[in-house]
Each structure stands twice: as structure tokens, then as C-alpha cells.
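The values are calculated or read from the model by the stated rules, or taken from the named source; none is laboratory data. Predicted model only: the values in this text are computed from it and were never measured. In this analysis, Cβ positions are derived from the backbone assuming ideal geometry, glycine residues included, and neighbour counts consider all displayed protein chains.
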Amino acid sequence: MSDVRHVLVLPDRDAAEEVAGELADRFGVAEEPQLVRDALAGEDDAEDAQWLVVVEDPAGRLDPAALDEFAAEYEGWLEKP
């Protein structure tokens, strides 16, 4: 089975950091999620950047629907693969 990677899209860095911290507690994610700043295409203003939380799920055990609901609590969503 290939490695599964989930990408949560969050509105700002604070939300992304909170989500990354909560993932271990709520979903038992062992590996530290990766935070990536995603500047929107054509936007010069850094305030318009979204933040991505990349979660490696090698065992494929995380439920995408649950992750999407979790991200929604922070005004974010799960990127569809």
C-alpha cells in the first residue's frame, strides 16, 4: 500500500499551528505534521497566504471525513487528493 498524505488547508498560521498540535491528541498522529505557507497565486500581500498542514499517514488509518470536519473547526478543509 502506498503512503497516504493528507493536506489540511487553513486560513492562517495560528490555525495551522493549533491544528498541527491537536493532531497528535485527537488522531494519534505520531509524526510531526509539516506546516507549509501557501501564497495564493497572484497575491503579493503575505496576509493572503493560506497555510497547509501536511500529515503523513503511512498506514492509511486516518479517516479523511474526520480530518475534514476537524479542519472545518478552524475554518479550513481537507484538500481532495
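Some observations on this one:
- Selected residue (criterion: farthest from GLU56 (Cα to Cα)) from residues of segment 19-33 that are of a type outside the set (Gly, Ala, Ser) and under 10 Å from the mean Cα position of the chain (by Cα): VAL19
- First in segment 1-15 and closer than 16 Å to ALA39 by Cα, second anywhere and polar (S, T, N, Q) and at pLDDT below 95, Cβ under 6 Å, 6 or more apart: VAL9/GLN50
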